[in-house]
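Heads up, the thing below is written out as structure tokens.
Bear in mind these aren't lab numbers, they're just calculated from the coordinates by the rules spelled out. This is a predicted model, so every value here is computed, not measured. A quick note on method: Cβ atoms are made from the backbone with ideal geometry, for glycine too, and the neighbour counts reach across all protein chains shown.
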Amino acid sequence: MAQHPFLWGAATSAHQVEGNNIHNDWWQWERQQSDRIQSGLASDHYRRFREDFILARELGHTAHRFSIEWSRLEPAPGQWNERAMVHYREVLQELRRQGLVPVVTLHHFTLPVWAAAAGGWENPQTIAAFVRYTERVAEQLGELAQMWITINEPVVYVLEAYWHKRWPPQQRSIRRMWRVFRNLAQAHRLSYLALHKRRPGARVGVAKHWLAVKPARPTRRTDRVAAIVTDWGFNRFFYRLTRGTHDFIGVNYYQAVERRWDIWPWRWIAAVWDGLRSELEWPIRPEGLEQVLLSLRAWRLPIYVTENGVADASDQLRPDFIREHLRAVERAQAAGADVRGYFHWSLLDNFEWAEGFTPRFGLVAVDFATQARRPRPSAYVLRAIIEAAQRR
Ligand code: BGC
């Protein structure tokens with residue numbers, strides 16, 4: 001067996017699949033939105049996790065990424081819900097029983113209501129509270145998992161919540177965005193250290209959204225500058241603030257962009273993409289994943305693709321999407337990128353944040369009226385790839 005068996009699986013996040021996460025800021029915010037944006041029972045995974053993990057195993061998976069919902073464990077400051085802790089212990093035990101290596105995320109976009117009310121990530125006390133939550137989880141669940149992700153997509157979070165006003169708390173302020181960004185970096189650093197202190201064998205990182213960036217017109221200096229600025233600001237800056245606290249690089253890959261900057265008349269835009277697009281209109285660019293993975297070789301850390309997927313209810317795009325992105329991973333590996341795992345987003349159809357339930361990212365389709373699960377054909381495409389890789 002290889003020294004590091006490649007991890008094959010899918011990813012989910014608590015609020016998107018569990019259902020009834022009544023103690024977090026998203027739930028509270030959803031109450032003020034239209035019917036379309038109500039997570040409600042979501043995919044009822046809180047109750048159905050066992051059957052979902054059995055399905056994942058039957059689909060050939062060897063690992064699974066999920067998130068723990070902080071607001072369930074600590075619904076009021078300092079008050080810990082032991083039943084919720086028992087639940088996540090059972091989740092971890094069930095994963096192991098099914099032969100799925102757990103990858104545990106501690107923060108995937110949601111905050112307990114009390115933390116959000118106190119200013120959320122703008123308030124440094126949220127950092128301290130997050131570290132206490134990390135410690136508690138490390139102590140009580142730490143022996144059941146080795147791989148940990150402190151924070152999912154910090155840059156996407158600050159942009160959506162503090163610039164585009166699409167997610168709670170729907171702000172637009174550079175000052176607040178910057179404060180939240182810095183606090184998330186500090187929260188990661190301290191959470192990393194807390195995990196290592198309590199669990200010396202832990203492997204800890206973040207799941208970072210990576211954009212594959214290129215200049216639209218490579219001969220134009222302005223476009224090259226625009227590409228560097230985007231790459232640096234969106235992809236790399238968070239790592240600068242958190243240097244030395246990553247045991248691996250988690251890559252969430254969805255998109256590639258060609259940057260164009262005209263000084264007069266002033267234009268800072270992305271070149272138009274006229275190729276394939278997902279149901280969310282996101283361009284489908286597998287070669288971008290190769291580009292990102294290759295650019296990470298220099299960091300000399302193991303890499304995991306912690307998310308990669310496509311909104312595609314009819315499953316017309318997903319089979320080729322999976323094949324092409326995994327070919328991109330293979331090419332990157334052949335060229336020296338130390339990629340050790342691939343997690344498809346997502347195992348199940350789920351609550352896609354401000355988009356509600358319309359975008360379907362699941363390898364497994366969920367009928368939200370009955371909660372029936374039905375693997376899409378692409379789930380078997382992925383399984384065949386996994387089985388072929390295991391035979392090699
Ligand atoms: C997030 C997921 C989300 C997915 C698809 C990622 O940015 O981590 O929570 O569902 O993208 O939009």
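Laid out as a table, the results:
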| quantity | calculated |
| --- | --- |
| Charge sum, other residues only, whose C-beta stays under 14 Å from E279's C-beta, Lys/Arg counted +1 and Asp/Glu -1 | -2 |
| Relative contact order %, the range 244-325, counting alpha carbon pairs below 8 Å whose residues are six or more apart | 38 |
| Cut-off 13 Å between beta-carbons: net charge of the residues surrounding Q291, Lys and Arg +1, Asp and Glu -1 | 0 |
| Where labels lie 7 Å past Cα in the beta-carbon direction, separation of A128 and A313 in nm | 4.8 |
| Restricting the range 229-289 to chymotrypsin sites (Phe, Trp or Tyr not before Pro) in coil, as DSSP defines it, with at most 14 other Cβ within 10 Å | W266 |
| Calculated log₁₀ intensity ratio I(q)/I(0) where the Debye formula runs over C-alpha points of the range 1-62, q = 0.12, 0.13, 0.16, 0.27 Å⁻¹ | -0.43, -0.49, -0.63, -1.09 |
| Overall Cα dimensions of the range 35-83, principal axis frame, Å, largest first | 40, 31, 16 |
| The chain: equivalent-ellipsoid semi-axes (sqrt of 5 x gyration tensor eigenvalues, Cα, Å) | 29, 26, 22 |
| For the chain, calculated [θ]222 nm from helices alone, where every DSSP H run of n ≥ 4 adds -39500 (n - 2.57) | -12500 deg cm²/dmol |
| Compactness of the range 288-392, expressed as Rg and Dmax over alpha-carbon positions, Å | 15.2, 48 |
| Scaled radius of gyration (Cα, divided by 2.2 N^0.38 Å) that the range 196-256 gives | 1.46 |
| Dipole-positive endmost among A226, A313, A212 within the chain (Cβ charges, Cα centre) | A226 |
| Summed side-chain charge close to R240 - residues other than R240 whose Cβ falls under 14 Å, Lys, Arg +1, Asp, Glu -1 | +4 |
| Cα Rg over Rh - the range 1-149, Kirkwood | 0.99 |
| Residues of type aspartates and glutamates that K214 reaches as a straight line, Cα spacing below 18 Å, ignoring anything fewer than 8 places off in the same chain | D223, D231, E258, D262, D274, E287, E290 |
| The range 39-121 pair-distance distribution - Cα-Cα, 10 Å bins, rounded % | 16, 44, 29, 10, 1 |
| Dimensions (Å) - the range 342-392, Cα atoms, principal axes, largest first | 41, 22, 11 |
| Viscosity 1.567 mPa s, 4 °C: Kirkwood-radius Stokes-Einstein D of the range 91-246 over Cα pairs, µm²/s | 77 |
